[in-house]
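Reviewing the structure listed below.
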């Protein structure tokens with residue numbers, strides 16, 4: 001009887017590791033309904049192989065690794081709403097220890113480190129003992145052979161599930177049970193390997209970056225403020241899809257007239273985004289870093305590479321750099337690598353109105369408010385504003401209100417309560433497309449009204465789409481987005497050689513460049529020819 005209890009407890013320990021969630025949202029009793037296919041593989045494998053070749057130690061280490069990955073993911077999802085990547089996030093361990101030392105003192109910090117190490121050792125011993133309990137059954141040879149056969153059968157089943165979810169092959173339905181822990185561990189391993197490869201490449205590019213050690217960059221701006229405004233989901237579809245073009249082109253033409261009245265010039269062109277349908281940060285990273293960040297692995301490697309962003313060069317030129325980020329509602333440690341002196345997330349933007357479901361606040365409020373959030377500073381400003389009202393699901397959509405009525409944002413409350421709900425809207429694809437049309441039009445209107453009203457000493461304004469909407473909305477797989485530059489005529493003359501179109505409507509036949517070309521093009525255009533290079537360049 002004691003043997004049976006020991007086997008049951010050992011199986012329960014392994015089961016608990018395999019069903020341990022990696023996300024706070026998965027903490028629920030129904031997690032226990034997940035049948036891990038690795039469980040019979042491990043337990044039957046122990047019966048078949050026994051304690052030969054230290055197999056219990058190896059398997060215990062693998063299970064301990066799975067625990068560490070899941071706990072690290074859990075912590076990152078809780079704090080930053082993303083998974084843990086050891087290449088990018090190692091610095092967080094040091095930062096956390098420094099904070100702990102400042103909070104509780106060095107002695108307690110050392111005790112915490114020792115306790116954590118002791119806990120890992122204890123977990124390893126418990127796992128190894130649990131596996132050894134099954135490995136010590138010692139049945140007859142025929143039963144070992146049977147156990148080996150069943151373990152291989154379950155391993156094939158787990159491999160089928162893993163390959164199905166990794167899309168190495170496809171079944172009509174996912175096989176019963178789940179090899180989720182195996183998939184998670186393999187996925188993290190693949191991500192780390194891909195990130196390491198890209199990190200080596202991006203680090204090499206950073207080391208040979210001809211701009212990195214240049215002095216006098218951006219001197220042609222003569223200290224003029226710069227504001228980069230991102231419009232969510234604004235792409236070429238606004239110009240060549242007949243569902244959207246009549247509305248958006250009319251809005252742009254009206255904006256052209258108002259901006260021209262203010263005495264500013266306009267030029268517009270095309271950039272190819274590294275993404276479509278979502279993941280705006282990939283576009284933000286490509287434009288400002290000058291590296292082609294087409295996926296999360298490359299993005300992570302870019303952040304860790306030390307490659308200088310456009311905002312780093314602005315800092316070197318004496319600018320105060322700021323990111324206005326109404327979509328950021330949790331910690332954003334990645335911003336430490338981007339060259340921002342200050343990041344202003346949603347919580348620091350004084351919006352007192354109702355949320356527009358996922359959208360924290362209307363774009364008009366963000367644009368009306370951000371200048372007042374910057375304290376007095378003798379330095380010129382280089383600002384990024386990432387707007388979000390035209391982010392899917394495009395419901396509800398705010399109205400444009402008189403700018404002097406924006407106030408604390410409560411004027412938008414009634415608009416935030418409008419329907420339809422996303423689940424109802426997205427049952428009708430035509431309704432989704434119409435909502436997208438109106439949402440982008442709203443973003444264009446408030447953005448260019450804001451730009452037109454920036455005053456006599458207006459900044460150099462860059463307005464860019466981040467990516468096209470999803471394919472069924474955009475109507476094509478084209479990844480081009482419009483980018484506009486607005487400012488004093490003499491300043492815009494410096495980009496004449498880019499071949500951009502005067503006004504806010506870029507020529508359909510105009511030149512198209514990848515988004516990662518913008519950093520270098522901007523540095524070249526707004527730097528007077530003679531650069532003072534550091535020794536060795």
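The values are calculated or read from the model by the stated rules, or taken from the named source; none is laboratory data. Keep in mind that what you see is a predicted model, and the values were worked out from it rather than measured. Neighbour counts are summed over all protein chains in view; Cβ atoms, including those assigned to glycine, are modelled from backbone coordinates with ideal geometry.
Counting only residues that are in a helix (DSSP H, G or I) and touching a strand residue (DSSP E or B) at 6+ places or on another chain (Cβ under 7 Å), the stretch 8-66 holds 3 of them. Of the residues making up the stretch 447-458, those that are assigned to a helix (DSSP H, G or I) and surrounded by fewer than 24 Cβ atoms within 10 Å (Cβ to Cβ) are 449, 450, 452. Under the condition of being outside any helix (DSSP H, G or I) and in contact with a strand residue (DSSP E or B) (Cβ under 9 Å, 6 or more places away or on another chain), the residues counted in the stretch 211-235 number 17. The condition (being under 30 Å from residue 197 (Cα atoms), assigned by TED's automatic domain parsing to the domain that holds residue 185, modelled with pLDDT of 90 or more and exposed (fewer than 15 other Cβ atoms within 10 Å of the Cβ)) is satisfied by just one residue among 65, 18: 65.
Of all the listed residues (466, 496, 502), the sole one being assigned by TED's automatic domain parsing to the domain that holds residue 277 and without any contact (Cβ under 8 Å) to a residue 12 or more places away in the chain is 496.
Pairs linking a residue in the stretch 233-254 that is on the phi > 0 side of the Ramachandran plot and assigned by TED's automatic domain parsing to the domain that holds residue 450 to a residue that is assigned to a loop (DSSP other than H, G, I, E, B) and buried (at least 24 other Cβ atoms within 10 Å of the Cβ), with Cβ atoms under 8 Å and 6 or more positions apart or on different chains, are 233/390; 233/466; 233/467; 233/469. Any residue at all in the stretch 84-107 that's loosely packed, with under 13 Cβ neighbours inside 10 Å and either modelled with pLDDT of 85 or more or not in a helix (DSSP H, G or I) (or both)? Looking through the stretch 84-107, at least one residue is loosely packed, with under 13 Cβ neighbours inside 10 Å and either modelled with pLDDT of 85 or more or not in a helix (DSSP H, G or I) (or both). Residue 288 meets all of the listed conditions (1) touching a helix residue (DSSP H, G or I) at 6+ places or on another chain (Cβ under 6 Å); (2) assigned to a loop (DSSP other than H, G, I, E, B); (3) under 18 Å from residue 382 (Cα atoms) but one, namely (2).
If I filter the stretch 327-363 down to residues being assigned to a loop (DSSP other than H, G, I, E, B) and under 16 Å from the mean Cα position of the chain (by Cα), which single residue comes out as farthest from residue 311 (Cα to Cα)? Among those residues, the one meeting the criterion is 358.
The condition of being more than 22 Å from residue 261 (Cα to Cα), in contact with a helix residue (DSSP H, G or I) (Cβ under 7 Å, 6 or more places away or on another chain) and crowded, with 20+ Cβ neighbours inside 10 Å holds for only one of 443, 461, 525, 469, that being 469.
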